[in-house]
1. Among the residues of the stretch 99-125, which ones are on the phi < 0 side of the Ramachandran plot, assigned to a loop (DSSP other than H, G, I, E, B) and in contact (Cβ under 8 Å) with a residue 24 or more places away in the chain?
2. Taking the stretch 268-279 on its own, how many of its residues are surrounded by 19 or more Cβ atoms within 10 Å (Cβ to Cβ) and under 23 Å from VAL166 (Cα atoms)?
3. Within the stretch 126-149, can you find the residues that are surrounded by fewer than 18 Cβ atoms within 10 Å (Cβ to Cβ) and outside any strand (DSSP E or B)?
4. Pairs, please: C-beta under 6 Å, at least 6 apart or cross-chain, first residue touching a residue at least 40 places away in the same chain (Cβ under 8 Å) and in the stretch 174-197, second surrounded by fewer than 16 Cβ atoms within 10 Å (Cβ to Cβ) and polar (S, T, N, Q)?
5. Checking the conditions here, which among VAL335, VAL306, VAL314, VAL379 is within 26 Å of GLN74 (Cβ to Cβ) and either touching a Gly at 6+ places or on another chain (Cβ under 8 Å) or of a type outside the set (Gly, Ala, Ser) (or both)?
6. Please return the ranges of helices (runs of 4 or more DSSP H) entirely within the stretch 314-365 where 3 or more residues are surrounded by 19 or more Cβ atoms within 10 Å (Cβ to Cβ), touching a residue at least 12 places away in the same chain (Cβ under 8 Å) and not small (Gly, Ala, Ser).
7. For the stretch 164-183, name all the residues that are within 23 Å of ASN342 (Cβ to Cβ) and either in contact with a His (Cβ under 6 Å, 6 or more places away or on another chain) or hydrophobic (A, V, I, L, M, F, W, C) (or both).
Amino acid sequence: MGGLSAAACLLQEGHDVQIYEQAPQLGEIGAGIQLSANAMHVLNHIGLGDEISAISVRPGAYVFRLFDTAEIIQTFSLADEHLKMHKAPYNQIHRADFHELLVDRVRELDADCIHLNKHAVGFDESADGVTLSFEDGTSASGDLLIGADGVKSVIRDQICGPVQAVYTGDAAWRVTVPTKDLPPNFIEEVMSVWMGPGRHAVCYYIRGGEILNFVGAVETGDEPDESWTAKFPWESFKSDFEGWNEKVQTIIDMVDRDACYRWSMFKRPRLDFWSSNRATILGDAAHATIPYLAQGAAMAIEDGAVLMRALAQVDDLAEALKLYERNRIDRTARVVETSDANRELFHLNSVQEIRDAFANRNEGEDRNAWLYSYNPLTVELT
């Protein structure tokens with residue numbers, strides 16, 4: 001997501017961009033993604049705003065609920081209020097739909113810039129350029145290398161040194177249910193977070209309301225591979241949410257029992273720098289986060305826009321990359337830290353602890369003040 005959106009930004013500015021993707025074909029898994037105003041500013045800029053909105057759901061509110069009774073503990077408005085306040089919408093979209101729109105837009109800008117089945121193994125740079133080497137023995141050269149190669153980034157490891165992944169102790173179940181299979185008026189079109197001891201669940205509609213997306217995050221002792229495509233038994237999924245409210249039970253009972261994916265979540269320490277003279281990183285390669293603030297994709301999209309602006313603002317490439325990372329490291333670190341804090345908040349040991357914690361906080365006011373209000377196209381770069 002970050003690499004494609006960055007490519008679209010740079011192509012629109014007249015740069016010659018070539019994308020090298022290790023997969024033999026383009027595609028995305030079936031899950032939801034949230035695009036708040038801070039990301040939508042960039043997507044509007046590259047001409048995708050209307051297309052995204054046409055196949056998304058704009059939730060009416062962000063709603064925090066207790067795990068057992070589904071009682072609402074706190075809520076803040078999205079939809080029209082989010083649009084009015086931040087001049088861009090809050091959209092919830094299917095990852096595959098979003099990925100397809102990004103690919104199509106990049107190919108509109110340059111039909112031949114995406115190269116598949118190219119597994120990067122390292123790079124060499126000089127005063128004149130940078131050369132990326134691939135597993136198949138071929139290479140590609142240019143002025144700037146951008147590593148948008150995810151949590152297991154080869155480019156990051158060469159720039160910053162190997163970064164050891166640390167298991168968070170959490171795993172996330174990811175499933176979807178067709179809305180037509182659910183009871184009528186099952187749940188309103190809001191962003192729901194159910195919170196309980198040692199786990200929480202997130203639920204929202206995607207694809208224009210045709211699909212209900214569900215993510216259930218649980219604290220677990222095992223440490224499987226860091227994979228988005230690992231399937232686990234439905235019975236384990238059901239057991240993890242035993243005693244939870246009727247809505248959650250209905251969703252779990254309605255899922256395809258052969259398509260229960262569970263993603264073990266890892267963290268990496270904050271990096272103090274992201275760039276060499278001719279190479280840099282963005283997205284998960286730079287600041288992988290647990291998804292407890294719904295901002296992982298948004299941060300990657302912001303990265304691409306700020307990098308585009310830094311390259312336009314400063315002629316010297318090495319200085320432009322320093323400007324880019326200087327304006328991104330603290331913000332992305334705050335998102336990572338807030339996501340970590342939400343793990344503690346959402347997984348408190350008792351209903352009373354949850355009530356007490358939310359009595360002393362205003363989630364909407366806080367997020368509107370610093371998170372959603374950020375516009376990567378207009379923020380001052382210093």
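1. Residues of the stretch 99-125 that are on the phi < 0 side of the Ramachandran plot, as a first pass: 99-116, 118-121, 123-125.
Narrowing further to those that are assigned to a loop (DSSP other than H, G, I, E, B): 110-113, 116, 118-119.
Passing the criteria: ASP110, CYS113, LEU116, LYS118, HIS119.
2. The first filter runs over the stretch 268-279 and keeps only residues surrounded by 19 or more Cβ atoms within 10 Å (Cβ to Cβ), leaving 268, 271, 274-275, 278-279.
After this cut, where a residue has to be under 23 Å from VAL166 (Cα atoms) as well, the list is 268, 271, 274-275.
The total comes to 4.
3. As a first pass, look at the stretch 126-149 and keep what is surrounded by fewer than 18 Cβ atoms within 10 Å (Cβ to Cβ): 126-129, 131, 133-143.
Within the stretch 126-149, SER126, ALA127, ASP128, GLY129, GLU135, ASP136, GLY137, THR138, ASP143 meet the criteria.
4. PRO197/ASN349
5. On the way: VAL306 fails: within 26 Å of GLN74 (Cβ to Cβ); VAL314 fails: within 26 Å of GLN74 (Cβ to Cβ); VAL379 fails: within 26 Å of GLN74 (Cβ to Cβ).
Just a single option satisfies the conditions, and that option is VAL335.
6. Working: elements: 317-326, 329-346, 351-359.
In the stretch 314-365, 317-326, 329-346 are the helices (runs of 4 or more DSSP H) which contain 3 or more residues that are surrounded by 19 or more Cβ atoms within 10 Å (Cβ to Cβ), touching a residue at least 12 places away in the same chain (Cβ under 8 Å) and not small (Gly, Ala, Ser).
7. Step one: list which residues in the stretch 164-183 are within 23 Å of ASN342 (Cβ to Cβ), which gives 165-176.
Correct list: ALA165, VAL166, ALA171, ALA172, TRP173, VAL175.
Read-outs throughout are calculated quantities, based only on the coordinates presented, and are distinct from any laboratory measurement. Given the structure is predicted, the values throughout are model-derived calculations rather than measurements. Cβ atoms come from the backbone with ideal geometry, glycine included; neighbour counts cover every protein chain shown.
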